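Reading through the structure tokens given below for one structure.
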Amino acid sequence: MICGDVLECCFGAAAQFALDARPGDRVGFLDQGLAFTPDHPHDWTLLIGDETALPAIAGICRSLPRSARGLAIIEIPTAGDRQELSAPPGMEISWIHRDESPEAPARPGELALRALTTANLPDGAVHAHAIGESALATGARRHLVQQREVPKRNIDFVGYWRHGRPATS
């Protein structure tokens, strides 16, 4: 049995579901790598997210062709939260550990967004996937469109949750 406090800390909105689940309940798992289907030509892939995006980023990296190149920026609470990812050799994986930051971030995803704004990104058309805490997802999209002139069509973004707000049923 996993402690409720640990679930809430690590999984946020999914914690209540996990706490309420009973033997016999039906659940489903989605490998988001299977759903990652950019509908436009692109030269490289950008993935950015917090710990809640880690399963999606892992699935996407696993589903990319071996010839894919790009960057994944993943913010996690501690170095101990890192996972081995199966990714093409051309994908750079950048891990950001919140507990090692000299300044405490106000919310999860803040350090990943900061890393994106200062990143030296590859040339060419990108397909970006920004996921996790809402301010990270929307902030990444805003930065890419306004500062990097990436067409909106080339960016998927999903705010899984909002910092400081309880999940609704």
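Residue count for the stretch 66-77 satisfying the condition of being within 17 Å of GLU133 (Cβ to Cβ) and in a loop (DSSP other than H, G, I, E, B): 1.
Name the residues in the stretch 34-55 that are touching a strand residue (DSSP E or B) at 6+ places or on another chain (Cβ under 6 Å) and assigned to a helix (DSSP H, G or I), would you?
Scanning the stretch 34-55 gives GLU51, THR52, ALA53.
Restrict the check to the stretch 46-67 and report whether at least one residue is in contact (Cβ under 8 Å) with a residue 12 or more places away in the chain, surrounded by fewer than 16 Cβ atoms within 10 Å (Cβ to Cβ) and either in contact with a Lys or Arg (Cβ under 8 Å, 6 or more places away or on another chain) or of a type in the set (S, T, N, Q) (or both). Looking through the stretch 46-67, at least one residue is in contact (Cβ under 8 Å) with a residue 12 or more places away in the chain, surrounded by fewer than 16 Cβ atoms within 10 Å (Cβ to Cβ) and either in contact with a Lys or Arg (Cβ under 8 Å, 6 or more places away or on another chain) or of a type in the set (S, T, N, Q) (or both).
Look at the stretch 145-159 and say how many of its residues are part of a helix (DSSP H, G or I) and free of Cβ contacts under 8 Å to residues at least 40 places away in the same chain. Lay out the reasoning, then the answer.
If we filter the stretch 145-159 for residues that are part of a helix (DSSP H, G or I), which is where we start, we get 145-146, 152-154.
The next check asks that each one be free of Cβ contacts under 8 Å to residues at least 40 places away in the same chain; those that pass are 145-146, 152.
Looking only at that region, the number is 3.
At pLDDT 95 or above, touching a Leu at 6+ places or on another chain (Cβ under 8 Å) and buried (at least 19 other Cβ atoms within 10 Å of the Cβ): is that true of ALA119 in this structure? Here the answer is no, as ALA119 does not meet what is asked.
Against the condition assigned to a loop (DSSP other than H, G, I, E, B) and within 16 Å of ASP156 (Cβ to Cβ), how does PRO108 come out, does it pass?
Values: assigned to a loop (DSSP other than H, G, I, E, B): yes; within 16 Å of ASP156 (Cβ to Cβ): no.
So PRO108 fails the test.
The set of residues in the stretch 80-94 that are surrounded by fewer than 16 Cβ atoms within 10 Å (Cβ to Cβ) and either part of a loop (DSSP other than H, G, I, E, B) or of a type in the set (Phe, Trp, Tyr) (or both) comprises ARG82, GLN83, GLU84, SER86, PRO88, PRO89.
Tell me the residue from GLY70, GLY124, GLY164 that is surrounded by 19 or more Cβ atoms within 10 Å (Cβ to Cβ) and at positive phi, please. I'd like the intermediate steps shown before the answer.
Details: GLY124 fails: surrounded by 19 or more Cβ atoms within 10 Å (Cβ to Cβ); GLY164 fails: surrounded by 19 or more Cβ atoms within 10 Å (Cβ to Cβ).
Just one listed residue meets the conditions, GLY70.
Among the criteria (1) of a type in the set (Val, Ile, Thr); (2) part of a helix (DSSP H, G or I); (3) touching a residue at least 60 places away in the same chain (Cβ under 8 Å), the one ILE131 does not fulfil is (2).
The values are calculated or read from the model by the stated rules, or taken from the named source; none is laboratory data. Computed from a predicted model, the values in this text were never measured in an experiment. As a convention, Cβ positions derive from the backbone with ideal geometry for all residues, glycine included, and neighbour counts pool all protein chains shown.
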